[in-house]
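To keep things clear, I will list the structure first and then write my remarks on it.
Derivation of every value follows stated rules applied to the coordinates shown; laboratory data play no part. Worth saying up front: this structure is predicted, and the values here are computed from it rather than measured. Don't worry about glycine lacking a Cβ; one is built from the backbone with ideal geometry, like all the others, and counts go over all protein chains shown.
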Amino acid sequence: MRRKVAFIPFSTILVFVLFVLSDASMIMRAAAQDATVPGSVSGTVVDASGKPIAHAALALTDAAGGQVAKAESDAAGKYGFSGVNEGEYNVTVSAAGFAVKTVHVIVTASQGLLDVSLAARSPANPAPSLNDLGFSTQQTESDPKLQAMLHRRTEMLRTHQRLGLITTIPMVATLFTGGGAKVEREGGQTTRGLNDANLDLHLALGAATGALYGTTAYFAIRAPHVPGTHKHGAIRLHEALAFVHGPGMLATGVLGYMAYKQENSGEKVHGIASAHGPVAVVTTIAYGASMVAVSWPIRVKFWEKKQ
Amino acid sequence: MRIALLLILSVAALPAFAQSDSQWQLEQSTLSYHMSHPMHELDGVSHAAKGKGTCHEGQCDFLIAAPVKSFDSGDTNRDLHMLETTRGARFPMVVVRTHFPASELSQGTVNADLEVQFAGQTAHYQNVTFQRTGQGKDVRITGTVPATCSDFKIDRPTFLMVPIKNEIPVKVEMRWREQ
């Protein structure tokens, strides 16, 4: 008795065999990939004359065009890719002023050496240069004289700033010692006479303030003016306030001397001399405001929350 | 069948289109450096940059330059001091050169290696990311160059004896037009 055998078409068997084989090959390929030992590619990028090219950009791409790694040549033109799986890659090398070059490489487990020579870029397609941008010579030309002038200006203004800060100390102290340096009267009677020690201290502090102030002003006034500069911003307020505290400093001294003469001759301070104190206060306020103005905008960071 | 073939050809031609030769002109720009001090936070802004770019054989070269003295922090005195500190009279231009694959021009982000000449020094910044927006011939590029004073051997200016931070990041906003 003949047994009935189910008929399987040959094409179905072929498809099945191919499927199993292709799957097996994929598994084998994946296993082979897992087993690859990383290799490396390194070398030097040079120009046509053999001179090293620094900062050339190198890109390592796989067969599918995907970027695997990037590198940049150093000052000696040297570069390197390490930890690269075995296989076929392209190394694209580019540098400003040179034509791009792509080299096909096969990476193995051993260290691969690849020196690349770049040809100068075709004159028909030059990289843009500063001359192409349309700046005037005046804008692009180096001016060492101006640099020297700026340097002198900065040094003088730095001294101006430091002396200005130092001047604040005797100025404020003069203001505070002013009260103890004058005669006090009540109902026509002298309740406190001229105290020589207080007066001397007030005078000495005033003189120190005047001398320091004058020197501070000298460094600002004599600092070179940079031609073609139109002042704007907080510096304008700083300078405008000098027209208040400058005459104020002179007036304070003159009025102080007048007040001293009047008190010394037993008179009550009168007339314009009585403005000595108020003028000194206004002068000090204007001076302080000018320091704040030149430092503007001030942001006290410790008041803010850290982000 | 013919339509399908055309579609396949169009898709295949896309990378080639992206890498075609092109010329670019900087139409508008805002470059601003940020200076940080415990008592100051300042930005110096310049709108005077000019730039040009060329793409050839899949690679682009771009050049952007601005006069150092064009940066305005809102105060003449400070700007003149910055000009002195950065040796801006001897080296009056800040020049940025970049080189990148043309394919990046059609992507949302452009990763570029920059060569910056400033204050008589040259610094290189790798893989600086810029955002690219815009369509057609107009492209807007924004990003920040992580510059520092020490990159250019600039003595950090001081205020009340305290120096500014070493980091002076330069924010870049540019509108480029393909010629």
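Summary of values
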| read-out | value |
| --- | --- |
| Every pair of residues 6+ apart whose Cβ atoms lie under 8 Å, when the first sits in region A:229-257 and is more than 10 Å from every other protein chain (Cβ to nearest Cβ) and over 17 Å from A:Ile285 (Cα atoms) while the second is part of a helix (DSSP H, G or I) and not aromatic (Phe, Trp, Tyr) | A:Leu255/A:Ile272; A:Leu255/A:Ala273; A:Leu255/A:Ala275; A:Leu255/A:His276; A:Leu255/A:Val279; A:Gly256/A:Gly206; A:Gly256/A:His276; A:Gly256/A:Ala280 |
| Tabulated pairs, region B:154-167, first within 13 Å of B:Leu42 (Cβ to Cβ), second surrounded by 13 or more Cβ atoms within 10 Å (Cβ to Cβ) and aliphatic (A, V, I, L, M), C-beta under 7 angstrom, 6+ apart or interchain | B:Pro157/B:Ile164; B:Phe159/B:Met39; B:Ile164/B:Met35 |
| Residue satisfying condition, being crowded, with 16+ Cβ neighbours inside 10 Å and of a type in the set (Ser, Thr, Tyr), within set B:Thr86, B:Thr148, B:Thr109 | B:Thr86 |
| Criterion violated by A:Ala109 - all others in (1) in contact (Cβ under 8 Å) with a residue 24 or more places away in the chain; (2) crowded, with 18+ Cβ neighbours inside 10 Å satisfied | (2) |
| B:Arg156 being surrounded by fewer than 20 Cβ atoms within 10 Å (Cβ to Cβ) and part of a strand (DSSP E or B) | no |
| So A:Phe135, is it within 8 Å of chain B (Cβ to nearest Cβ), aromatic (Phe, Trp, Tyr) and not in a helix (DSSP H, G or I) | yes |
| Residue pairs meeting the criteria (Cβ under 8 Å; at least 6 apart or on separate chains; first within 14 Å of another protein chain (Cβ to nearest Cβ) and closer than 15 Å to A:Val105 by Cβ, in region A:42-68; second assigned to a loop (DSSP other than H, G, I, E, B) and not aromatic (Phe, Trp, Tyr)) | A:Val45/A:Ile53; A:Val45/A:Ala56; A:Val45/A:Ser73; A:Val45/A:Gly77; A:Val45/A:Ala95; A:Val45/A:Asp115; A:Leu58/A:Ser73 |
| Qualifying positions in region B:105-128 - at the interface with another protein chain (Cβ under 10 Å from one of its Cβ atoms) and at positive phi | B:Gly120, B:Asn127 |
| Residue list for region B:19-52, restricted to those being under 12 Å from the mean Cα position of the chain (by Cα), in a strand (DSSP E or B), buried (at least 19 other Cβ atoms within 10 Å of the Cβ) and touching a residue at least 60 places away in the same chain (Cβ under 8 Å) | B:Leu26, B:Ser29, B:Leu31, B:Ser32, B:Tyr33, B:Gly51 |
| Some residue of region B:65-80 being closer than 17 Å to B:Thr144 by Cβ, touching a residue at least 24 places away in the same chain (Cβ under 8 Å), more than 7 Å from chain A (Cβ to nearest Cβ) and not β-branched (Val, Ile, Thr) | yes |
| Odd one out for B:Thr133 among (1) touching a strand residue (DSSP E or B) at 6+ places or on another chain (Cβ under 7 Å); (2) within 11 Å of chain A (Cβ to nearest Cβ) | (2) |
| Test: A:Ala207 is loosely packed, with under 14 Cβ neighbours inside 10 Å, part of a helix (DSSP H, G or I) and under 32 Å from the mean Cα position of the chain (by Cα) | no |
| One residue from A:Thr154, A:Thr159, A:Thr102, A:Thr167 being in contact with an Asp or Glu (Cβ under 9 Å, 6 or more places away or on another chain), surrounded by 13 or more Cβ atoms within 10 Å (Cβ to Cβ) and either among the polar types (S, T, N, Q) or in a loop (DSSP other than H, G, I, E, B) (or both) | A:Thr154 |
